[in-house]
Structures are given as C-alpha cells and as structure tokens.
Amino acid sequence: MFYDLNIQRPDTNEEDNLKLIISRGVKFGYKGFAVTTNLDESIFEKNKKEKSKKSNSNETSSVIPLPLDLKVFKTLYPNLYFFNRINIRISQGSNLRKFTQCKNLKKYELVSFQPENQDVLKALTGIPAINILSFDPINKWDFTFNRKLYNQFVNQNVYFELMYSPGIIDSSARKNLFTVSHMYRAVGKSKNIIVTSGASAPHHIRSPYDKVKDSAKQQ
C-alpha cells in the first residue's frame, strides 16, 4: 500500500489544483495522501504586527493555522486515507518551544521539521511532537550526521523524508537529493526512510513503482 505524505497545501483560489494532484495520485495507485501546510519563523513577526490586545499565550496558540478541511476528498474517495501535515522550517532552537506549545499543532496528524543548521538538528532529538525530519533538496545539505544522531531519531520513531519533485525541476536539487539519500544509507542503513513528492502541480507526482526504480538506481 503506497502513500504520498507530502502534497502541498494550495492557496484558497487554487483548490482545484489539489483535486487534480490527488486524482493523478489515485490513478497511480496511491491509497493515502498528506496535505502539507508549510510554515517558518517569519510567522512570529507577522503575528506581532497583526495582534491587537492579546496575551502572549493567545499569540502563541494562533501562529499555526488550522489544518485544511479534507472532507471533500474523504467524500470523493471514501476508501482512501487523508491526513493533514505541517512542515516547519526553523533556524533558531529557541523557537522550537513556541511552535510545540501551539494548540493548533495537535490538530495535525503529521508534524515535520526542516532544520536549517546543526544546532536545530540536534535540538530536534528532544522534541516528542516530531514525526518527520524534512530536507529541501533545493538547498545543499551542510550538516554533520553520524550514526548515533541518526539512531536517536529512529528510536524516537522519526522518519527521514526524501522529497523528489524539486529534483524533477532542477538538476542541482537532484544531485542534492542523491547525496542525502546516499548519506542516509551510509549512516543509518536507510532505516525509517519515506519518499514523498512534495507536489504542487499534477505533473510533479510519479508512480510509486517509478520511485522504487529510482531508489534502486541510487543504491
């Protein structure tokens, strides 16, 4: 049974595009999809500007938006599984607690963090809320990842994401993706790996059997 756990959440006026992506995925045989809401630390500055007279606790609880309503897809495809995922790109460890204390975080079935430096990567080993460690292939991986750190995440039941759609569009991203894939294999024997599309357009999503072939070529 195949799942794509990273379909990009659309803007309000682009929801038909999400329907097309899901439809294509269904034709390829996927049985489940996660729609991803992306967030970064700029949300705190935006929230400060928009707040009126709110307490700090109310401010913190509102920085994470509500999940997308997936009822329409659950009605269209009653035999498939749909999840809401949030992906948080983060560069300051001090902001981890702010995100994890947000009430809306618990409304997402899947939580992923995308660290931007070594310190945040290490800090994530102490965060119970994390399900997925994300990596953007557009950017080169500049972190040190040893077996001990890898196994800490594995023991925490965290999965390592390989997102392939940027590699379809950009050759540098494809090289970065292969580099990280080989690193995961060398350091962690490819334990707890998930392959996702990160699709924001229908042509970004590939057959799960194509993904298996590509993975075999990387070994």
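Every read-out reported here was derived from the displayed coordinates using simple, explicitly stated rules and does not represent laboratory data. Treat the numbers as computed from the prediction; the structure is a model and nothing was measured. Cβ placement follows ideal geometry from the backbone for every residue including glycine, while neighbour counts extend to all protein chains displayed.
Once you've got the Cα coordinates, tell me which of Lys148/Lys175; Lys71/Lys98; Lys122/Lys148; Lys46/Lys98; Lys31/Lys74 are over 18 Å apart.
Details: Lys148/Lys175 25 Å; Lys71/Lys98 29 Å; Lys122/Lys148 11 Å; Lys46/Lys98 14 Å; Lys31/Lys74 12 Å.
Checking Cα-Cα distances, Lys148/Lys175; Lys71/Lys98 exceed 18 Å.
Using only Cα positions of segment 2-218, each an equal point scatterer, no hydration layer, compute I(q)/I(0) via Debye at q = 0.09, 0.11, 0.12, 0.14 Å⁻¹ and quote the log10 values to two decimals.
-0.37, -0.56, -0.66, -0.90
Expressed as a rounded percentage, what relative contact order does the chain have, with Cα pairs under 8 Å and six or more residues apart? Write down the numbers at each step before the final one.
On the way: 350 pairs, mean separation 48.5, N = 219.
For the chain, the relative contact order is 22 percent.
If a paramagnetic tag sat 7 Å from the Cα of Asn139 along the Cα-Cβ line, which residues of segment 179-200 would have the backbone N under 16 Å from that point?
Under cut-off, by backbone N: 180.
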